[in-house]
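Read through the structure below, which is laid out as structure tokens, and then see the notes.
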Amino acid sequence: MAVRIRLRRTGRKNSPSYRIVVVDGRAPREGQYLENVGQYNPRGGNTAVNLLADRVSYWLDNGAQPSDTVRSLLRRAGLLKARHEARLARKLAGAAVPVSEA
């Protein structure tokens, strides 16, 4: 099952809001979803994106692929940068050679 993180439209006509959901990649846009991990209100200004960062990270760690729009929202929220820096820190800590005292 190809798991995706994508937007699900809610809201009234001419007043869109979206839920950021984890779905099976074959499901329709308004179909069943596995988990709701956030909200996006395009008219919300600075508070446009509300995320459950730990759940998004969990799904990304388990192979979920974000859609292009969700990827840009995660980038704006700083989640992708934090994941990258954490992964880089683990890699550098593992490759570091301890200084031996002579």
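Largest GNM mean-square fluctuation among 36, 62, 14, using the chain with Cα springs under 10 Å: 14. Charge tally around residue 81: other residues with Cβ under 14 Å, Lys/Arg +1 each, Asp/Glu -1 each, net +4. With 5 Å bins beginning at zero, the pair-distance distribution over Cα atoms of the range 3-94 amounts to 3, 13, 23, 24, 17, 10, 5, 3, 1, 0, 0 %. The helix-based estimate of mean residue ellipticity at 222 nm for the chain, built from -39,500 (n - 2.57) per DSSP H run of four or more residues and divided by its residue count, is -11000 deg cm²/dmol to the nearest 500.
Would you mind putting 63-75, 82-94 in packing order, based on average other-beta-carbon counts within 10 Å, highest first? Each step should come with its number before you reach the end.
On the way: 63-75: 16.1, 82-94: 10.3.
Going from most to least packed, we get 63-75, 82-94.
Laboratory data are not the source of any read-out in this text; all were calculated from the coordinates shown. If you're wondering where the values come from, they're calculated on a predicted model, not measured in any experiment. As a convention, Cβ positions derive from the backbone with ideal geometry for all residues, glycine included, and neighbour counts pool all protein chains shown.
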